[in-house]
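Undergrad: So that we are looking at the same thing, I have put the structure below in structure tokens.
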Amino acid sequence: QERWYELCNEYGLYVIDEANIEAHGMRFHDNSFEQITNDTLWTAQWLDRGNRMFERDKNQPSIIMWSMGNEAGDGQNFKKLYQMLKDKDSSRPVVYEPAKLELHTDVVFPMYDTIEEISEYAESKYDRPLILCEYAHAMGNSVGNLIDYWETFERYKSLQGGFIWDWVDQVIAKKDSNGVEYWAYGGDFGKEFTENDSNFCANGLIAADRSLNPHIKEVKKVYQPIRFKSDNLKRGRVKVTNDFDFINLSDYTFSWFIKGDSKIVASGRLGTLDLEAGETRTLTFNLSSIRPKLGVRYFLTVQAKTKYKKPLIPKDYLVAWDQFELPIYKESKAQDPSNLTSINLFKNELNTEVYGKGFKVIFNHEMGQLSEYEINGLSIIKKPIKTNFWRAPNDNDLGNGMPARTKIWKEASERFSTLSVESELKNNTAQITIISEDPLSSSTLRSKYFVYGNGVIRINQIIEVKDSTVSEIPRFGLKLSMSGEFDQVSWFGRGPHESYWDRKTSAAIGHYSGSVWEQSFPYVRPQETGNKTDIYWMAVSNGSNGLMAKGLPTFDGSVHQYPYEDLDYVPGSQRHGNLDIKSKDHLDWLIDYKQMGVGGDNSWGARTHNKYTLFPGKYEFSIMLIPFDNKNNLSQLSKLKFE
């Protein structure tokens with residue numbers, strides 16, 4: 001549309017203008033695309049469509065390249081179109097993805113090439129620039145490992161970035177029989193539309209109403225045009241690089257602050273940085289005034305904001321930031337459990353039971369699980385605490401066959417059988433060790449519990465999967481099912497939005513709080529949502545009482561105001577995030593060592609990258625469960641440590 005080009009001209013957006021040539025249907029022909037791309041009967045059509053684009057848009061300054069089309073195969077007609085465009089306009093490059101390494105594309109323009117493939121190209125004999133015409137398929141809970149792509153782009157001169165597919169979810173607002181609005185996708189439009197691509201139209205960085213999907217926050221952070229990198233944090237040194245092509249950083253104001261846990265302990269402004277495009281400078285921060293307190297973690301945050309109001313961008317808009325943990329952490333002092341109120345340990349054929357002042361903890365032998373946890377008469381859990389290995393598949397998981405490939409883990413927590421239960425009372429601490437196994441997954445699980453005189457429980461779990469041919473593990477952690485009255489959550493870790501092993505660059509370490517319900521995002525199709533990474537502690541509360549999970553040192557976690565199973569994929573179903581996921585009198589709290597990354601190279605086969613995958617092997621994690629009431633300071637409570 002004419003208005004679109006006008007806006008791009010006005011605001012300085014680069015445009016690759018693409019001819020209306022696409023021939024998806026020809027891939028089903030016996031001769032595939034070549035039936036028409038090499039047929040001279042179609043040459044005039046090719047040239048006409050390319051010429052029409054050129055004559056219409058040739059005077060638009062925002063257009064920097066011409067594209068000959070999309071997914072229409074390759075052949076002589078494209079070579080003729082390329083030559084025509086070059087004859088008419090030698091100033092702009094001409095590109096076309098299916099041309100691959102042929103000479104009738106001035107830029108190598110691949111689609112969904114992996115990091116390994118583009119790295120191999122960059123190290124090859126070819127010297128043309130490479131731009132990914134499509135990559136980072138943003139379908140559902142996706143856009144994992146984007147930071148890895150961009151570190152690769154920055155490493156090689158010939159790699160010039162790419163275009164995320166795509167911008168907006170192409171779904172339609174409908175209302176159900178109760179008048180509740182939802183996003184409709186393939187299968188929601190009656191029997192006459194039974195042939196459809198399901199929710200394959202929902203792959204945008206923003207929703208159909210232009211509200212933000214969670215992964216666009218990762219894109220903004222990874223794409224920021226000013227980079228900060230640690231140089232020598234012990235000496236307070238951070239490097240800043242101007243990644244703009246033309247703009248001097250004197251147009252921006254720079255500030256910094258240091259937080260100890262959630263409290264600002266130092267801050268300042270850096271004034272104007274006269275730094276030309278492409279240049280790097282080292283900033284030095286005086287850390288001598290910081291006197292680290294025991295158990296407190298200190299983080300330096302550096303920010304760049306606009307100095308002036310610009311078109312589309314207000315003054316003081318945050319353009320770039322980064323955060324660094326300062327290497328000055330000192331462990332808090334450990335308490336001696338013998339100084340706490342004494343506890344009692346009882347064991348019978350069915351259970352091992354621990355009683356102390358105002359609490360009881362019961363372990364069921366047959367299940368091999370912590371089955372009851374009561375504080376001052378309040379039952380903290382509704383069901384036994386289970387080891388959990390499953391995650392509700394996201395769209396990328398469905399595309400790569402994860403539900404079938406990893407189904408052995410879906411019910412694994414129900415299959416583990418108890419081999420032994422040992423307990424002892426030592427130094428006023430009840431120590432319970434439960435060994436269990438699941439022969440089907442060739443796994444052994446050791447769960448060790450330490451119950452202290454104040455009702456605190458330390459849990460250590462080790463899973464060992466001995467058979468290397470078993471599939472990857474979707475997640476490894478614990479699931480606590482609690483009453484829905486625990487509807488408030490606070491945490492110290494990455495936030496405020498959801499983050500994952502392979503998508504957490506945009507989530508800063510900090511103290512956050514909110515309702516449990518608002519931690520879930522209503523994806524068009526229900527799927528995994530709400531995870532937070534690198535959590536030092538997380539607490540759920542009913543306003544009067546609550547429970548904290550403290551990482552030893554960190555964990556991943558999520559809270560859900562409904563059974564987590566509600567998010568699971570149901571084959572053949574037509575489900576919608578804002579219709580089928582409803583708040584219930586229930587809380588599922590997932591506390592994980594890790595869950596695998598969300599992936600994002602594509603949504604039709606690509607798996608999560610290896611470095612974000614839990615392959616068969618041995619994994620261990622530890623947490624502490626700490627009960628509290630509204631008189632407790634959570635930050636101080638999180639410093640609790642035992643000998």
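The values are calculated or read from the model by the stated rules, or taken from the named source; none is laboratory data. The model shown is predicted, which means the values in this text are computed figures rather than measured ones. A quick note on method: Cβ atoms are made from the backbone with ideal geometry, for glycine too, and the neighbour counts reach across all protein chains shown.
Undergrad: Report the residue count in the stretch 550-563 for those that are within 20 Å of the chain's Cα centre (by Cα) and either within 21 Å of Y182 (Cα to Cα) or in a loop (DSSP other than H, G, I, E, B) (or both).
TA: Result for the stretch 550-563: 1.
Undergrad: Pick out the one residue from G455, G493 that is surrounded by 17 or more Cβ atoms within 10 Å (Cβ to Cβ) and part of a loop (DSSP other than H, G, I, E, B).
TA: G455
Undergrad: Now a separate question. Pull up the stretch 244-258, narrow it to residues that are within 14 Å of Q224 (Cα to Cα) and aromatic (F, W, Y), then point me to the one that is surrounded by the most Cβ atoms within 10 Å (Cβ to Cβ).
TA: Here the answer is Y252.
Undergrad: Quickly run through the stretch 1-50 and pick out the residues that are within 36 Å of the chain's Cα centre (by Cα), modelled with pLDDT of 95 or more and among the hydroxyl-bearing types (S, T, Y).
TA: Correct list: Y5, Y14.
Undergrad: Now for a separate question. Tell me, yes or no, whether the stretch 507-524 has at least one residue that is at positive phi, in contact with a helix residue (DSSP H, G or I) (Cβ under 6 Å, 6 or more places away or on another chain) and not hydroxyl-bearing (S, T, Y).
TA: Checked against the condition, which is being at positive phi, in contact with a helix residue (DSSP H, G or I) (Cβ under 6 Å, 6 or more places away or on another chain) and not hydroxyl-bearing (S, T, Y), the stretch 507-524 yields no hits at all.
Undergrad: Another question, then. Is there a residue in the stretch 319-326 that is touching a Lys or Arg at 6+ places or on another chain (Cβ under 6 Å) and modelled with pLDDT of 95 or more?
TA: Among the residues of the stretch 319-326, not one is touching a Lys or Arg at 6+ places or on another chain (Cβ under 6 Å) and modelled with pLDDT of 95 or more, which makes the answer no.
Undergrad: Please work out if N344 is surrounded by fewer than 16 Cβ atoms within 10 Å (Cβ to Cβ), more than 30 Å from G510 (Cα to Cα) and touching a strand residue (DSSP E or B) at 6+ places or on another chain (Cβ under 6 Å).
TA: yes
Undergrad: Can you name the residue in the stretch 564-609 that is at pLDDT below 95 and in a loop (DSSP other than H, G, I, E, B) and, of all such residues, is nearest to Q527 (Cα to Cα)?
TA: V570
Undergrad: From the residues in the stretch 412-444 that are over 19 Å from I459 (Cα atoms) and either in a helix (DSSP H, G or I) or modelled with pLDDT under 95 (or both), which one is nearest to the chain's Cα centre (by Cα)?
TA: Checking each candidate, the answer is A412.
Undergrad: Okay, next question. Can you name the residue in the stretch 377-400 that is part of a loop (DSSP other than H, G, I, E, B), out of contact with any Asp or Glu (no Cβ under 6 Å at 6 or more places or on another chain) and touching a residue at least 24 places away in the same chain (Cβ under 8 Å) and is also surrounded by the fewest Cβ atoms within 10 Å (Cβ to Cβ) among such residues?
TA: K383
Undergrad: Okay, next question. Only one of (1) more than 25 Å from I626 (Cβ to Cβ); (2) of a type in the set (G, A, S); (3) more than 33 Å from the chain's Cα centre (by Cα) fails for S338. Which number is that?
TA: Of (1) more than 25 Å from I626 (Cβ to Cβ); (2) of a type in the set (G, A, S); (3) more than 33 Å from the chain's Cα centre (by Cα), only one is false for S338: (1).
So that you can scan it fast, the table gives a plain yes or no per residue for (1) of a type outside the set (V, I, T); (2) in contact (Cβ under 8 Å) with a residue 12 or more places away in the chain; (3) buried (at least 18 other Cβ atoms within 10 Å of the Cβ):
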{"site": "E10", "(1), (2), (3)": "yes, yes, no"}
{"site": "D17", "(1), (2), (3)": "yes, yes, yes"}
{"site": "N20", "(1), (2), (3)": "yes, yes, no"}
{"site": "G25", "(1), (2), (3)": "yes, no, no"}
{"site": "D30", "(1), (2), (3)": "yes, no, no"}
{"site": "A44", "(1), (2), (3)": "yes, no, no"}
{"site": "S62", "(1), (2), (3)": "yes, yes, yes"}
